[in-house]
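Worksheet: the structure to be examined is printed underneath.
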Amino acid sequence: MLQSTKTRLCVAASAAVCALALGFAPSARADYVKPTIHHAPFGTVRMVVPITSPDPGVWAFKLNNIANSENGIKAWKGKLEAHIVLYGPGLKLLEEPMDPELQTKVDQLRREGVRFDICNNTLKGMNLDWHTLHGVRESDIVPAGFLEVAWLADHGWAVDPMN
């Protein structure tokens, strides 16, 4: 069975190489379909997005997902309510000076109504002054980021599992 699978993979790879050699390169542009939803209208979607990673790539990915969701849900006549909960090394996202692209995205999301919750335990543990974090107000500080995510989940908010 394993040999058969290897053989099929070799044949498929050979066919792809031949197609490229003969000038049948894959199109650089994909054809997209008009999306549809196969359920009730979105209405209000409540999402909590924990950010605990120290990786700026993860930060950008998460912020872009939320921005894309904001745009998408408006097109479908819905509303997104989002909380970003920053704790652990994820709190570094808002440390000044910020990457200009990330700062622009954070400011845009705040204008859209996305809430940024800041973990007080992390502030204490990392000895950070919340005044040094971009755009943070005292009312943004929650006792514990991990517990805030759990509380929101327990009260009907979907939790983004990827971190």
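Only the coordinates and a few stated rules stand behind these numbers; no lab work does. Only a predicted model underlies this, so the values are computations on that prediction, with no experimental measurement involved. Cβ atoms come from the backbone with ideal geometry, glycine included; neighbour counts cover every protein chain shown.
Taking other C-beta atoms within 10 Å as the exposure proxy, 152, 94 rank 152, 94 from fewest upward. Footprinting exposure proxy ranking of 69, 139, fewest other C-beta atoms within 10 angstrom first, gives 139, 69. If R0 is 22 Å, the Cβ-Cβ spacing of residue 81 and residue 39 corresponds to a FRET efficiency of close to 0.75. Spacing of the modelled spin labels on residue 73 and residue 32, each 7 Å from Cα toward Cβ, amounts to 2.0 nm. Kindly identify segment 115-155 as rounded, prolate or oblate by the Cα gyration tensor criterion: order the square roots of the eigenvalues as a ≥ b ≥ c, call it rounded if a/c is under 1.5, otherwise compare a/b with b/c, prolate if a/b is larger, else oblate. Oblate shape, in that a/c is at least 1.5 and b/c is the bigger or equal ratio. Please tell me the relative contact order of segment 36-163 in percent, rounded to the nearest whole number, where contacts are Cα pairs under 8 Å and at least six residues apart. That works out to 33 percent. Its relative contact order, with pairs defined as Cα atoms under 8 Å and 6+ residues apart, puts segment 63-115 at 56 percent. At full extension, residue 155 and residue 137 could sit 4.1 nm farther apart than now, given 0.36 nm per residue minus the alpha carbon distance. As a rough footprinting exposure proxy, the listed residues 157, 59, 76 were ranked by other beta carbons within 10 Å of their own, and the order from fewest upward is 76, 157, 59.
Solvent-free Debye calculation, one equal scatterer per alpha-carbon of segment 43-159: log10 I(q)/I(0) at 0.11 Å⁻¹ equals -0.33. Taken one residue at a time, the phi angles of segment 90-100 give Karplus couplings (6.51, -1.76, 1.60, θ = phi - 60°) of x, 5, 5, 3, 9, 5, 7, x, 9, 4, x Hz. Gly and Pro are set to x.
Cross-link partners for residue 74 among the lysines, with Cα-Cα distance under 21 Å and sequence neighbours closer than 8 places in the same chain left out: 34, 62, 105.
Using only the Cα atoms of segment 29-82, what semi-axes does the equivalent ellipsoid have when each is the square root of 5 times a gyration tensor eigenvalue? Give whole Å, largest first. All intermediate terms of the calculation are to be shown ahead of the outcome.
On the way: eigenvalues 116, 61, 13 Å².
Semi-axes (√(5λ), whole Å): 24, 17, 8.
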